[in-house]
Every structure is written in structure tokens, then in C-alpha cells.
Amino acid sequence: MPHLDSSASGDSASSDPAPLHLIQSFAGTLSADPDADPLRTTEAATAWLRTAGLLPAEARLTTSEHAALLRLRTSIRDLLAAHADGREDAEAAARLTKALADGRLVLVVDPASTVRLASAARASYPNLVASIAIAVAESADSDAWPRPGHGP
């Protein structure tokens, strides 16, 4: 099976733990203390996303994008929790699939036949969703994406 390459340099995803780390960092932003949640407000989320390298300095989140971001985080957390419990969760998988669709991914093939995922969107929010979707795909490609009963 060919490797998925989302980087411009052509580095293999299988040797890089960064995709799963990005997903875990994003999913781990939720805290039992709502005041400690770095995504609790549009402004706080914007700051966290910039620090994580997911949002350009000049970009801002709209209220609807912020709500979608929180739904994305919840769907990732729910799916990872189900997998950690050794069970499948079709509803969480469907919600994650729907949330990741905002990334507007396309498959790009270069002249050397390197295949990579990229966002077809020009706006900042779909591009950050695409980055998360690509991280999920790279984690799955490298067998790092948790599956029910197989651990992280």
C-alpha cells in the first residue's frame, strides 16, 4: 500500500509521531474545569490554534467556526474514548466524518507520483480542519491511529 504524504518535503508519515500528537493535543484541550479549557471562547481558541500552528496570525474564527471546532474536538474525544474502551462507536465515527468534511480534502499527485492530501479550501477554518484530517489519515497510515481493542 503506498504511503500517504501530506508534507511538501515527501517525508514518510510512518516515522513521525507528530500527526497523532497533534490529534491528542487537540482532543486533550478539554478540561473538567471550563475556565481551564483553552478553546472555551472564540478568542482563546484562536490563540491556541495559532500556537499549535493551525491558524495563521491574521486569521480569526467566527462564532459558527468556533462551535464547529468544539464539535470536532468532541467527536475525536468520543471516538478515541470508545476505542480505548475496546468498542466501536458508529455515531462518534459518523460525527467525526461529518466534522472532517469541512476540510475539503483533495488528493494531489505530483509528476513523480507522490500522492498527498491537501485542502481545496482557501479559508483558514477549512484548512485547519484539513490539517487535523490529514493527521488522522497519517496516523492511520502509520498504524498509530487507535482502533477498538488495539490500544493507542
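The values are calculated or read from the model by the stated rules, or taken from the named source; none is laboratory data. Here the structure is a predicted model, which means the values were calculated and not measured. Using ideal geometry, Cβ is built from the backbone for each residue, glycine included, and neighbour counts are taken over all protein chains shown.
Just one of the numbered conditions (1) out of contact with any helix residue (DSSP H, G or I) (no Cβ under 6 Å at 6 or more places or on another chain); (2) more than 29 Å from ALA44 (Cα to Cα) is not true of ASP141: (1). Does SER139 fit the bill of being at pLDDT below 95, outside any loop (DSSP other than H, G, I, E, B) and of a type in the set (Ser, Thr, Tyr)? Spelling it out, SER139 is indeed at pLDDT below 95, outside any loop (DSSP other than H, G, I, E, B) and of a type in the set (Ser, Thr, Tyr).
Between ASP143, ASP89, the distinction of being among the acidic types (Asp, Glu) and more than 19 Å from LEU30 (Cβ to Cβ) belongs to ASP143 only. For the range 101-128, the set of residues classified as part of a strand (DSSP E or B) and either in contact with a helix residue (DSSP H, G or I) (Cβ under 7 Å, 6 or more places away or on another chain) or among the hydrophobic types (A, V, I, L, M, F, W, C) (or both) consists of LEU105, VAL106, LEU107, VAL108, VAL109, VAL115, LEU117, ALA118, SER119, listed by residue number. From the list ASP89, ASP141, ASP102, the one residue that fits, being out of contact with any strand residue (DSSP E or B) (no Cβ under 8 Å at 6 or more places or on another chain), crowded, with 18+ Cβ neighbours inside 10 Å and free of Cβ contacts under 8 Å to residues at least 12 places away in the same chain, is ASP89. If you go through the range 94-103 and keep only what is at pLDDT below 95 and in contact with a Leu (Cβ under 6 Å, 6 or more places away or on another chain), you end up with nothing. Scanning the range 31-51 for residues that are within 12 Å of LEU69 (Cβ to Cβ) and aliphatic (A, V, I, L, M) yields LEU39, ALA44, ALA45, LEU49. For the range 1-42, the candidate set comprises residues that are in a helix (DSSP H, G or I), hydroxyl-bearing (Ser, Thr, Tyr) and modelled with pLDDT of 50 or more; within that set, the residue that is farthest from ILE132 (Cα to Cα) is THR42.
Contact map, the range 110-128: first residue surrounded by 16 or more Cβ atoms within 10 Å (Cβ to Cβ), second residue in a strand (DSSP E or B) and among the polar types (S, T, N, Q), Cβ cut-off under 7 Å, separation 6 or more or different chains; pairs are PRO126/SER119; ASN127/SER119. Any idea which residue in the range 49-60 is surrounded by the fewest Cβ atoms within 10 Å (Cβ to Cβ), counting only those that are within 17 Å of the chain's Cα centre (by Cα) and under 12 Å from LEU128 (Cα atoms)? For the range 49-60, the residue satisfying everything is GLY53. For the range 28-47, the criterion of being surrounded by fewer than 19 Cβ atoms within 10 Å (Cβ to Cβ), closer than 17 Å to SER124 by Cβ, acidic (Asp, Glu) and free of Cβ contacts under 8 Å to residues at least 60 places away in the same chain is satisfied by at least one residue.
Within the range 100-107, identify whether any single residue is closer than 20 Å to ARG147 by Cβ and charged (D, E, K, R), and answer yes or no. Within the range 100-107, not a single residue is closer than 20 Å to ARG147 by Cβ and charged (D, E, K, R).
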